[in-house]
1. Can you go through A:41, A:19 and tell me which one is among the small types (Gly, Ala, Ser), at pLDDT 95 or above, farther than 24 Å from residue A:123 by Cα and touching a helix residue (DSSP H, G or I) at 6+ places or on another chain (Cβ under 9 Å)?
2. How many of the residues making up segment C:151-167 are among the hydrophobic types (A, V, I, L, M, F, W, C), at the interface with another protein chain (Cβ under 7 Å from one of its Cβ atoms) and assigned to a helix (DSSP H, G or I)?
3. Of these, D:146, D:118, D:150, which one is out of contact with any Leu (no Cβ under 6 Å at 6 or more places or on another chain) and under 26 Å from residue D:171 (Cβ atoms)?
4. Which of the residues spanning segment C:14-30 are of a type outside the set (A, V, I, L, M), surrounded by 16 or more Cβ atoms within 10 Å (Cβ to Cβ) and without any contact (Cβ under 8 Å) to a residue 60 or more places away in the chain?
5. Would you confirm, using the coordinates I've provided, whether residue C:91 is assigned by TED's automatic domain parsing to the domain that holds residue C:159, assigned to a helix (DSSP H, G or I) and more than 16 Å from DNA strand E (Cβ to nearest atom)?
6. More than 8 Å from DNA strand F (Cβ to nearest atom), touching a Gly at 6+ places or on another chain (Cβ under 9 Å) and either more than 14 Å from chain C (Cβ to nearest Cβ) or more than 24 Å from residue C:113 (Cα to Cα) (or both): does that describe residue D:15?
7. Looking at segment B:59-80, can you tell me whether even one residue there is farther than 30 Å from residue B:138 by Cα and at pLDDT 95 or above?
There are 4 protein chains.
Amino acid sequence: MTPNTARRNETSRRAILTAAFDLLQEVGYAKVSIEGIATRAGVGKQTIYRWWPSKGTVIFDAFLLLSEGAEGEPPTLPDTGDLAADLSLVLRATVEEMNDPRYEQPMRALATEITLDAELAAAYAQRLDGPLREAKRQRLRSAQQAGQLADDLDLDVAVDLIWGPVLNRWLYRSGPLTIEYADQVVTTALNGLRPRRPAAQGMPA
Amino acid sequence: MTPNTARRNETSRRAILTAAFDLLQEVGYAKVSIEGIATRAGVGKQTIYRWWPSKGTVIFDAFLLLSEGAEGEPPTLPDTGDLAADLSLVLRATVEEMNDPRYEQPMRALATEITLDAELAAAYAQRLDGPLREAKRQRLRSAQQAGQLADDLDLDVAVDLIWGPVLNRWLYRSGPLTIEYADQVVTTALNGLRPRRPAAQGMPA
Amino acid sequence: MTPNTARRNETSRRAILTAAFDLLQEVGYAKVSIEGIATRAGVGKQTIYRWWPSKGTVIFDAFLLLSEGAEGEPPTLPDTGDLAADLSLVLRATVEEMNDPRYEQPMRALATEITLDAELAAAYAQRLDGPLREAKRQRLRSAQQAGQLADDLDLDVAVDLIWGPVLNRWLYRSGPLTIEYADQVVTTALNGLRPRRPAAQGMPA
Amino acid sequence: MTPNTARRNETSRRAILTAAFDLLQEVGYAKVSIEGIATRAGVGKQTIYRWWPSKGTVIFDAFLLLSEGAEGEPPTLPDTGDLAADLSLVLRATVEEMNDPRYEQPMRALATEITLDAELAAAYAQRLDGPLREAKRQRLRSAQQAGQLADDLDLDVAVDLIWGPVLNRWLYRSGPLTIEYADQVVTTALNGLRPRRPAAQGMPA
DNA sequence: ACGTAATCGAGACGGTACGTCCTGTCTTCAA
DNA sequence: TTGAAGACAGGACGTACCGTCTCGATTACGT
């Protein structure tokens with residue numbers, strides 16, 4: 001039933017994923033069709049249907065292909081000891097990527113597919129977001145061990161608190177997604193909404 | 001050119017929006033078509049195309065119809081003086097709505113449309129999310145004035161910090177969306193990620 | 001279920017049938033597709049599928065359209081009193097039509113469809129061949145009444161005996177299909193295979 | 001270039017031809033595909049494409065295989081001296097074969113291919129119909145020499161006159177194909193359409 | 001109250017894409 | 001080297017919808 005992966009044509013695979021990504025960028029998610037991807041990739045439609053069950057999985061794999069180059073070495077976040085600065089650096093980069101016209105359309109397409117398809121969401125959580133999220137958690141853990149974060153802090157919640165607002169503002173376009181906003185999120189998340197006595201801030205590393 | 005709204009058939013309008021919402025719930029966004037909505041509503045296709053420019057706006061209006069009942073009195077958040085408790089109450093309700101099978105599919109459909117269509121996102125920000133967001137801001141402002149929140153806090157960032165993680169976890173299914181999670185987000189957002197001297201908690205500055 | 005014939009677009013109908021006939025002639029039956037007919041006719045595929053259940057019925061109707069001009073007055077065979085001459089005239093015309101490159105491919109296509117589809121064969125017998133066959137029968141009946149044909153002759157068998165060999169030689173290409181052959185068939189059918197005393201032949205009209 | 005016939009796998013060849021014939025019978029010409037034949041025969045597609053240039057030639061060879069058993073001794077028609085009786089016998093058998101559900105679909109498929117493909121028609125005339133037609137001619141020649149048929153009779157025309165009507169009625173389903181019809185054709189062909197003095201019948205010239 | 005003009009349900013139309021089946025070619029691997 | 005297996009580019013299938021259009025039949029106005 002499942003086709004023999006061993007015989008798979010790697011050239012066609014890459015052509016399909018590249019075509020899919022490029023088309024997303026050029027014409028936008030709504031106008032991308034399997035037929036269009038096949039034509040652009042110089043491939044028969046059946047070759048797509050043989051290996052991918054849905055348009056969403058093609059898009060997903062297109063992103064996987066992008067990140068394949070960096071495979072081997074798992075991603076890490078910078079760790080200078082200054083947590084706020086490190087987080088700011090990373091979050092600013094995220095914001096810039098989200099504003100990059102080359103990635104915006106494809107990323108929105110991926111987000112859409114994940115929103116609608118639970119299976120894809122699981123795959124995303126495991127294969128695309130997984131390593132990155134682990135790096136984020138790791139950076140926070142390091143800070144926690146240095147006494148810069150609360151001992152009882154749930155690191156997953158912490159990650160959500162920092163990256164959630166940014167991702168959300170991007171998806172819903174609920175406001176300008178700027179570097180300043182990123183910094184505000186970092187600061188506010190670190191300090192909390194409540195008033196804070198100055199003495200409590202800026203503990204030495 | 002623009003159709004005369006005065007002559008619009010209100011019965012058809014409601015039938016279309018109800019049919020759209022019901023179909024989203026029953027068959028999911030991907031399988032909902034204008035044609036299907038028209039048939040289900042017992043309406044000609046042209047009647048839809050005459051009044052709505054896209055499927056997304058139909059879905060949007062279907063949500064507007066839902067919230068029409070509560071029109072007149074703008075929404076407010078509870079204000080018992082205990083900010084954490086009030087936020088927890090509201091966020092728990094949000095979580096429960098997101099987990100309600102009656103609303104999940106339609107809400108995901110709306111989120112999808114907003115993600116892909118900037119115009120729709122603006123309409124959403126203004127007409128659907130606007131009043132609610134103002135209520136959230138208002139509750140926080142009230143707390144701020146009572147000295148429970150930092151003076152220099154940007155209330156929009158604060159709203160994002162509280163609701164962003166939840167909305168995000170729901171969209172991406174990046175983890176279980178429970179009442180406990182809602183509470184954790186509230187607590188962590190209020191206190192911040194940094195260690196906080198116990199004495200400093202819940203005390204006016 | 002059946003579409004409303006009243007709303008049918010007559011222009012499209014003629015374009016489809018003309019395109020079908022022309023394509024048969026130009027590229028041959030095997031390479032004619034519904035898709036090709038639709039494109040050539042400048043018509044959506046659905047417009048063909050809406051009104052015709054199969055490629056065969058389209059081809060059939062294309063022939064019907066051709067003979068629509070002559071509708072009204074039923075066809076008749078010439079009746080000069082000289083049966084052999086009249087039959088020869090008609091059969092020669094048939095042979096020439098079969099050898100006409102404009103009609104050969106379409107006629108072979110129609111023959112093929114009739115061979116494979118009993119329903120189409122019935123439609124052919126009734127609507128396309130029917131009037132013509134009646135005319136043939138009528139000419140023979142006239143001769144029979146004039147004492148030129150056997151009293152107990154079954155006219156349907158007689159028609160088959162004259163036209164069957166020609167049609168068959170055309171279909172199977174079992175030999176050259178010439179005017180001489182047509183005449184031979186007429187003479188042989190009229191006289192029979194058996195030897196015939198000269199006196200029996202050439203009865204005065 | 002041309003595959004080496006010596007190395008050909010006879011088992012596969014028979015499996016293919018048998019599968020083709022069986023499929024024609026079971027699902028009809030329109031639904032038979034090379035792919036289907038290969039699967040049914042337990043054979044790779046390439047094995048078919050290697051040895052046959054078209055679906056028509058496969059079908060043709062399937063019929064050849066059927067008549068292979070009788071190879072060696074060329075077919076003959078019965079010759080009791082009573083021509084009418086002998087022809088009736090043979091034509092009745094033909095009619096029965098045409099009405100046999102086991103052969104009808106395959107024979108229609110073969111007829112279709114011959115109608116559309118001149119090369120195949122030539123192969124048919126030579127290899128499948130050839131010997132049989134020669135037998136028919138031979139029987140008539142024998143009768144002619146016995147003075148039962150006209151001296152100047154063209155035997156090919158005579159064969160067409162007898163078998164043409166039957167084959168035609170079968171292909172076009174223009175009427176019931178019965179034993180009675182077969183007999184009528186024989187009688188009418190022998191006697192001709194013209195009136196015949198009773199005394200002249202069955203008498204040597 | 002009455003024409004008249006817009007809206008309505010209905011659905012045909014030219015199209016695009018779907019997901020499937022098949023064609024004829026090619027490659028891989030076992031015998 | 002042949003053959004079974006099956007991937008490949010490509011073309012057509014028959015279906016579902018798109019957004020536009022045309023058809024009467026209401027329907028609500030403005031006179």
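The values are calculated or read from the model by the stated rules, or taken from the named source; none is laboratory data. No experiment lies behind these values; they were computed from the predicted model shown. Positions of Cβ are backbone-derived with ideal geometry, glycine not excepted, and every protein chain shown enters the neighbour counts.
1. A:41
2. Residues flagged as among the hydrophobic types (A, V, I, L, M, F, W, C), at the interface with another protein chain (Cβ under 7 Å from one of its Cβ atoms) and assigned to a helix (DSSP H, G or I) within segment C:151-167 amount to 4.
3. Going through D:146, D:118, D:150 in turn, just one is out of contact with any Leu (no Cβ under 6 Å at 6 or more places or on another chain) and under 26 Å from residue D:171 (Cβ atoms): D:118.
4. Within segment C:14-30, C:18, C:22 qualify.
5. Against the criterion (assigned by TED's automatic domain parsing to the domain that holds residue C:159, assigned to a helix (DSSP H, G or I) and more than 16 Å from DNA strand E (Cβ to nearest atom)), residue C:91 qualifies.
6. Against the criterion (more than 8 Å from DNA strand F (Cβ to nearest atom), touching a Gly at 6+ places or on another chain (Cβ under 9 Å) and either more than 14 Å from chain C (Cβ to nearest Cβ) or more than 24 Å from residue C:113 (Cα to Cα) (or both)), residue D:15 does not qualify.
7. no
To keep it simple, each residue is scored yes or no on (1) over 13 Å from the mean Cα position of the chain (by Cα); (2) at pLDDT 95 or above; (3) away from every other protein chain (no Cβ under 12 Å).
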residue	(1), (2), (3)
B:107	no, yes, no
B:114	no, yes, no
B:118	yes, yes, no
B:122	yes, yes, no
B:125	no, yes, no
B:131	no, no, yes
B:135	no, yes, yes
